[in-house]
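Structure, as structure tokens:
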Amino acid sequence: MSETLLTSQIRPRWQDHPLFSEGFRVFFPLAALSALGLILYWGLTLSGVWAGFGAGPDPLMLHRYDMIFGFLVAAMIGFIGTAVPAWSSTPKLAGAELAGMGALWIAGRLAFWLQDSLPALLVFGLQTILLVWVAWRIFPPLWQAKMRHLMWPVSLLIAAQIMTSLSFLSEDPITLLGLGSGLDLSFDNGLMLAEGAFAIMVLTALAPVSTVIVNKSLEARTDGVKFIARPPIRRAAMVCIGLFTFAKIAGLSDALQGWLGLAAGAAILNILQDWHMRKALSFSFARPLYLIYWFLALGFGLQAGSLLDVLPQEALVAGRHMMFIGGFTLATLMVLIIAGLRHAGRALDMKPVLILAICSLIASCLLRSLAPLLIPQIDWMVPAWMAFAACFAAYLVHFLPIFFRENSND
């Protein structure tokens, strides 16, 4: 009896289900479900419609932490867990290994919600172990494929997870290397480091995605011109983002933070030089990708304006929401859509339900960031979180059946 046949007989049947064939099939729906559930919980408790579960984390803490380490991390694992094996021609993340990672992610989320009843070491240990496992799984193929730049944002995210964990495990603030109170390993500093890590992750992940989509747009031209995402321009933006993040964590002066924020925004806009070609936006999937850079740049710009006292203090919060919703979340949504369709063997077809999802998220971004600055007399919170929820509800309606089916040959 051959080794392959023997292995197939020993292997449990559930491991051969399409759901466990690639990383995106498990983690993309987990990401969308968590985004939908978290925003509904946040919106309903904030508006007073629901008192919440009583025990468990503070709703604001849940909103800030789990949107990053729950929602965004799930999407990140789904993307790199699918793309990295394909890029490096290494075995897929699948079967029992994929199911184990998914179960660990779910356990981490449940533990965080039940943190009042569980030891802090267990709550944050589960989440740290997951990120370390992911790094252990993808770093060797990244190194082999000479794509080591993707290792940096993942490493920063692990550092951010450890920082937030230590703030809960220690009764007294821990100062990093004794360099001053501004470098405390605190919960807020951990979240700021995570935001910087995801900003770098977005710029890194958008490079291959944009290359595919923009070149598809350029097929409408007859001169054979190609789009190339130039690494030096992106690296300059990442350096500026890193400096701005460090300045925030170190508690440096508002003026310095403001100028670094402006530099980050300008460096991100500089990336769009590569996009300014005739018909670069002719493909419907290219336009939201183009908007992501503008939202990221405006997010840094609004924060910088507030820090420099050019804009009101409310612009700081508006900028962070524009960066998170219009930058991180719109980038995540587009990756969930594009990678989900491509790796499931579907055509890149912008269905009406996908247009609804994208437009709802853009509306949520504008309602939560710019609208309160322009018309502060109106409470924009409810329509903002409802639009956010509508986005991921629409995504799930279209994609859930796809995740449970074999690849198509569209």
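Please give the number of the condition TRP152 fails out of (1) farther than 26 Å from PRO208 by Cα; (2) touching a residue at least 12 places away in the same chain (Cβ under 8 Å).
If we test TRP152 against (1) farther than 26 Å from PRO208 by Cα; (2) touching a residue at least 12 places away in the same chain (Cβ under 8 Å), just (1) comes out false.
Assess whether ALA331 counts as being touching a residue at least 24 places away in the same chain (Cβ under 8 Å) and closer than 30 Å to ARG25 by Cα.
Yes.
Return the pair list, or none, for Cβ contacts closer than 7 Å from residues in the stretch 79-97 that are touching a residue at least 40 places away in the same chain (Cβ under 8 Å) to residues that are of a type in the set (A, V, I, L, M, F, W, C) and assigned to a loop (DSSP other than H, G, I, E, B), at least 6 apart or on different chains.
GLY81/LEU93; PRO85/LEU93; TRP87/ALA145; TRP87/MET147; SER88/ALA145
Which of the numbered conditions does VAL239 fail, given that it passes all the others? Conditions: (1) touching a helix residue (DSSP H, G or I) at 6+ places or on another chain (Cβ under 6 Å); (2) more than 20 Å from ILE337 (Cα to Cα).
(1)
So, in the stretch 210-230, exactly how many residues are modelled with pLDDT under 85, exposed (fewer than 15 other Cβ atoms within 10 Å of the Cβ) and over 18 Å from MET350 (Cα atoms)?
Qualifying residue count for the region: 6.
Restricting the search to the stretch 107-127, which residues are in a helix (DSSP H, G or I) and either touching a strand residue (DSSP E or B) at 6+ places or on another chain (Cβ under 8 Å) or surrounded by fewer than 17 Cβ atoms within 10 Å (Cβ to Cβ) (or both)?
Answer for the stretch 107-127, where residues must be in a helix (DSSP H, G or I) and either touching a strand residue (DSSP E or B) at 6+ places or on another chain (Cβ under 8 Å) or surrounded by fewer than 17 Cβ atoms within 10 Å (Cβ to Cβ) (or both): ALA107, LEU110, ALA120, LEU121, LEU122, GLY125.
How about the stretch 228-255: which of its residues are in contact with a Leu (Cβ under 9 Å, 6 or more places away or on another chain) and aliphatic (A, V, I, L, M)?
ALA229, ALA237, MET238, ILE241, LEU243, ALA247, ILE249, ALA250, LEU252, ALA255
Tally time: how many residues in the stretch 57-106 are under 18 Å from the mean Cα position of the chain (by Cα), at pLDDT 85 or above and either part of a loop (DSSP other than H, G, I, E, B) or not aliphatic (A, V, I, L, M) (or both)?
11
With buried (at least 18 other Cβ atoms within 10 Å of the Cβ) and at pLDDT below 85 as the only criterion, which of GLY43, GLY52 stands out?
Of the residues listed, the single one that is buried (at least 18 other Cβ atoms within 10 Å of the Cβ) and at pLDDT below 85 is GLY43.
Please tell me if VAL317 is part of a helix (DSSP H, G or I) and surrounded by fewer than 17 Cβ atoms within 10 Å (Cβ to Cβ).
In short, yes.
Does the stretch 288-310 hold any residues that are surrounded by fewer than 19 Cβ atoms within 10 Å (Cβ to Cβ) and over 20 Å from MET201 (Cα atoms), and which are they?
Across the stretch 288-310, the qualifying residues are LEU308, ASP309, VAL310.
The values are calculated or read from the model by the stated rules, or taken from the named source; none is laboratory data. Note that the structure is a prediction, hence the values are computed from the model and not measured. Because the Cβ atoms are built from the backbone with ideal geometry, glycine has one as well, and the counts that use them run over all protein chains shown.
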